[in-house]
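The values are calculated or read from the model by the stated rules, or taken from the named source; none is laboratory data. Model, not experiment: these values are computed from the prediction. Note that we place each Cβ from the backbone using ideal geometry, even for glycine, and neighbour counts take in every protein chain shown. These area figures cover heavy atoms from the full protein model, side chains too; ligands, DNA and RNA do not enter into them. Shrake-Rupley method; radii C 1.70, N 1.55, O 1.52, S 1.80 Å.
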Amino acid sequence: MAQVEATTERVVAADAEAVFDALADYSGTRAKLLPEQFSEYEVREGGDGEGTLVHWRLQATSKRVRDCLLEVSEPTDGELVEKDRNSTMVTTWRVTPAGEGKSRVVVTSTWNGAGGIGGFFERTFAPKGLGRIYDLVLDRLATEVEK
């Protein structure tokens, strides 16, 4: 099994602290950022960053749906890590200052991919598909924090 990685980034016209706070607000803002590929969103514990346990279903393609139960941690300033209890997927959100009143948001998801020919297709196409989904999340994040 090979490691599969999808990374997306965006510069947002808002202070890094405000952007991070919006991402870490699982009980409020985060649900508003999720496009139609996410369903059954539910905060099960916590709701603000570290210690949050959140559930959603992610429909990456018409046939590929992941049931995700994510434990959230904050290993360093400006970093949220979502570890899925149901798979090897780990999504890391990093928010850093990018000049006056701006911040850079980088989201990276990694997981252990399948082997064989299925794994080849997963490594080839899944990062692009997931990248498109997270581009939508970052668009909505920008709209939310740039108000």
Unit Cα scatterers, Debye sum, the chain: log10 I(q)/I(0) for q = 0.10 Å⁻¹: -0.33
Over region 1-42: Rg over Rh, Cα atoms, Kirkwood Rh: 1.06
Theoretical ellipticity at 222 nm over the chain - DSSP helices of four or more residues, -39500 (n - 2.57) apiece, nearest 500: -10000 deg cm²/dmol
Rounded FRET efficiency, nearest 0.05, which uses the C-beta distance separating Thr143 from Thr7 and R0 of 22 Å: 0.55
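When the convex hull of the C-alpha atoms of region 24-63 is computed, what volume per residue in Å³ does it have?
On the way: hull volume 2.7 nm³, N = 40.
Given the Cα convex hull of region 24-63, per-residue volume reads 67 Å³.
Where the convex hull is taken over the Cα atoms of region 1-71, what is its projected area averaged over directions, in nm²?
Mean shadow area of the hull around the Cα atoms is 6.2 nm².
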With every protein chain in place, the chain: carbon and sulfur % of accessible area (1.4 Å): 48
Calculated from backbone phi, Karplus (6.51, -1.76, 1.60) coupling profile of region 133-147 in Hz, x at Gly/Pro: 5, 6, 4, 5, 4, 5, 4, 5, 4, 4, 4, 5, 8, 8, 4
Sequence-distant residues sharing a close amide H with Ala98 (under 5 Å, placed H): Ser103, Arg104
Those trypsin sites (Lys or Arg not before Pro) in region 1-106 that DSSP places in a loop and that have at most 16 other beta carbons within 10 Å: Lys63, Arg64, Arg85, Lys102
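Taking region 41-119 on its own, what percent of its Cα-Cα pair distances exceed 19 Å? Before the final figure, lay out each step's value.
Values: 1421 of 3081 pairs.
Pairs farther apart than 19 Å: 46 percent.
To the nearest 20 debye, what is the magnitude of the charge dipole of the chain about its Cα centre, counting +1 on the Cβ of each Lys and Arg and -1 on the Cβ of each Asp and Glu? All intermediate terms of the calculation are to be shown ahead of the outcome.
On the way: 18 positive and 25 negative charges, 163 e Å.
Value, rounded to 20: 780 debye.
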